[in-house]
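Have a look at the structure below before the remarks.
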Amino acid sequence: MPEGHTIHRLAAEHLRMFGGRSVRACSPQGRFALGAARVDGRPLVVAEAFGKHLLLGFGDEESRVHVHLGLFGKYSFGTGVPPAGVSAESVRLRLEGEGGFADLRGPAACEVLEPGGVKRLLDRLGPDPLRADADPEEAWRRVRRSRLPIAALLLDQSVVAGPGNIYRAEVLFRQGISPEVQGRALSAEQWRGIWDDLVVLMAAGVRSGRIDTVRPEHMPEAMGRPPRVDDHGGEVYVYRRAGLACHVCGTPVRARELMGRNLFWCPGCQRAG
DNA sequence: GATATATGTGTAC
DNA sequence: TACACCTATATCG
């Protein structure tokens with residue numbers, strides 16, 4: 001679930017459900033008991049996503065509740081009273097308002113940040129393709145002088161904030177760029193292509209709540225099979241399709257580990273620099 | 001029941 | 001590069 005589009009959806013969902021109204025906050029699991037007590041009873045006035053980070057602001061506090069889902073974190077929303085039972089014991093943060101509740105389980109981070117901590121967090125994030133204030137040139141300045149492969153740069157949140165393993169694989173496929181190409185070997189046009197496509201793909205992800213990729217117009221017709229509907233719940237061309245024929249050119253999709261993450265690409269469609 | 005896996009990141013060696 | 005961490009779900013025996 002948790003690439004940047006998910007977090008932007010969560011921010012919007014928080015505002016819809018709680019925006020401007022006071023909420024009750026608690027931590028059934030206990031590990032965020034102090035933080036929850038601190039915001040309990042205040043109105044939720046800020047819910048904003050920066051890459052994969054969610055920031056919630058309550059009342060006139062300048063501090064923010066900072067949530068990062070990590071690999072396993074999940075939110076569940078509902079109307080009415082949150083369900084009791086064993087599954088409630090794993091809820092790190094629960095917000096309840098008149099409109100419903102939000103349960104957070106398994107986050108990598110759930111903490112209160114003072115303004116200085118918020119600034120440090122935001123300072124180490126690159127531009128987020130889903131934010132109107134994002135400046136792709138800021139990312140390009142990092143990319144263009146890096147010897148790291150573009151596949152590594154796209155997962156570095158200090159270069160670009162938001163894309164995860166699926167968007168990385170799919171955007172490089174759609175742009176026909178080999179994951180191995182060094183950042184400094186990319187042209188400005190290629191970077192522009194990657195960025196603009198991230199904006200399109202991730203905005204679609206925010207709307208639909210899943211990651212779907214479609215054949216870009218500059219690519220030849222697909223071979224008649226639909227893209228894989230992955231366990232993640234979306235239609236993709238290369239992500240987790242190792243060994244299967246590319247839907248565009250028929251070449252087997254390849255996979256390898258790069259810096260601890262699974263990387264997928266089509267050697268037929270994705271050329272060097 | 002045990003084990004493997006996952007869309008992520010931070011720290012230590 | 002390895003591992004630690006957080007949780008749920010799928011798959012295997």
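Considering the range A:116-166, and only residues there that are of a type outside the set (A, V, I, L, M) and in contact with a Ser or Thr (Cβ under 7 Å, 6 or more places away or on another chain), the residue that is surrounded by the fewest Cβ atoms within 10 Å (Cβ to Cβ) turns out to be A:ARG124. One residue alone among A:ALA25, A:ALA49, A:ALA37, A:ALA88 is more than 16 Å from DNA strand C (Cβ to nearest atom) and part of a helix (DSSP H, G or I), and that residue is A:ALA37. Specify the residue that is surrounded by the fewest Cβ atoms within 10 Å (Cβ to Cβ); the eligible residues are those in the range A:1-22 that are away from DNA strand B (no atom under 16 Å from the Cβ) and outside any helix (DSSP H, G or I). Of everything passing the filter in the range A:1-22, A:GLY20 is surrounded by the fewest Cβ atoms within 10 Å (Cβ to Cβ).
Residues that are free of Cβ contacts under 8 Å to residues at least 60 places away in the same chain and either within 11 Å of DNA strand C (Cβ to nearest atom) or among the β-branched types (Val, Ile, Thr) (or both) within the range A:52-84 comprise A:VAL65, A:VAL67, A:HIS68, A:PHE72, A:SER76, A:THR79, A:VAL81, listed in sequence order.
Suppose we filter A:GLY117, A:GLY126 for residues that are in a helix (DSSP H, G or I) and more than 13 Å from DNA strand C (Cβ to nearest atom); which single one remains? One residue alone meets the criteria, A:GLY117.
Given (1) touching a residue at least 60 places away in the same chain (Cβ under 8 Å); (2) part of a helix (DSSP H, G or I); (3) crowded, with 17+ Cβ neighbours inside 10 Å, where does A:PRO179 come up short, assuming only one miss? (2) is the only condition that A:PRO179 fails. Being within 25 Å of A:ALA161 (Cβ to Cβ) and surrounded by 13 or more Cβ atoms within 10 Å (Cβ to Cβ) is not true of A:LEU71.
Might you let me know whether the range A:132-142 holds any residue that is without any contact (Cβ under 8 Å) to a residue 24 or more places away in the chain and farther than 30 Å from A:LEU186 by Cβ? No.
Can you work out which of the residues in the range A:66-89 that are among the hydrophobic types (A, V, I, L, M, F, W, C) and within 16 Å of DNA strand B (Cβ to nearest atom) is farthest from A:SER22 (Cα to Cα)? Among those that are among the hydrophobic types (A, V, I, L, M, F, W, C) and within 16 Å of DNA strand B (Cβ to nearest atom), it is A:LEU71.
Taken together, the values in this text are just the output of simple stated rules run on the coordinates, not laboratory data. The structure displayed is predicted, hence computed values, not measured ones. Positions of Cβ are backbone-derived with ideal geometry, glycine not excepted, and every protein chain shown enters the neighbour counts.
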